[in-house]
1. For region 32-64, give me each residue that is assigned to a loop (DSSP other than H, G, I, E, B) and either within 22 Å of residue 107 (Cβ to Cβ) or in contact (Cβ under 8 Å) with a residue 24 or more places away in the chain (or both).
2. In the set 70, 3, which member is closer than 26 Å to residue 112 by Cα and at pLDDT 80 or above?
3. Please go through region 17-31 and give me each residue that is assigned to a strand (DSSP E or B) and of a type in the set (S, T, N, Q), ordered by number.
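The values are calculated or read from the model by the stated rules, or taken from the named source; none is laboratory data. All values reported here derive from a predicted model rather than from experimental measurement. Counting neighbours? That spans all protein chains shown, and the Cβs are built from the backbone with ideal geometry, glycine included.
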Amino acid sequence: MSAHTPGPWFDGFVMGTDNLAIVGDRDSVVCTFDRGWPTPGSMLRADVQLIAAAPDLLKALIRLAEEADAALSNGDWKPAWNNSPEAQRIATDGIDAVIASAWSVIDRAKGEGL
């Protein structure tokens, strides 16, 4: 597993420049973005804000996947809209696929399975 700078991360500017930056705990610079990069300014700002949210997004996705796994394995999750066995199987297969996708993204974010 590759370690990343612990969150939370914040978007900001590199001191003395107008370059955008992602800043971690204790003002550690995670990465910087030169405004000369060929991305429109508003899109670059939005990209920086999304990247800054990455540690919180990863933490939330891990919790969601863990809770969903637990609910499925305990039999606590049942679709409320239809109690037929076939509808439950289809819904459970769908949620299984979503959970598998979540774990795949989590592994990628952690640098695992690459």
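1. Once the filter is applied, which keeps residues that are assigned to a loop (DSSP other than H, G, I, E, B) and either within 22 Å of residue 107 (Cβ to Cβ) or in contact (Cβ under 8 Å) with a residue 24 or more places away in the chain (or both), region 32-64 yields only 53.
2. Of 70, 3, the one residue that is closer than 26 Å to residue 112 by Cα and at pLDDT 80 or above is 70.
3. Hits for region 17-31: nothing passes.
Here is a yes/no grid of residues against (1) small (Gly, Ala, Ser); (2) at pLDDT 85 or above; (3) surrounded by 12 or more Cβ atoms within 10 Å (Cβ to Cβ):
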{"site": "9", "(1), (2), (3)": "no, yes, yes"}
{"site": "16", "(1), (2), (3)": "yes, no, no"}
{"site": "46", "(1), (2), (3)": "yes, no, yes"}
{"site": "50", "(1), (2), (3)": "no, yes, no"}
{"site": "77", "(1), (2), (3)": "no, no, yes"}
{"site": "83", "(1), (2), (3)": "no, no, no"}
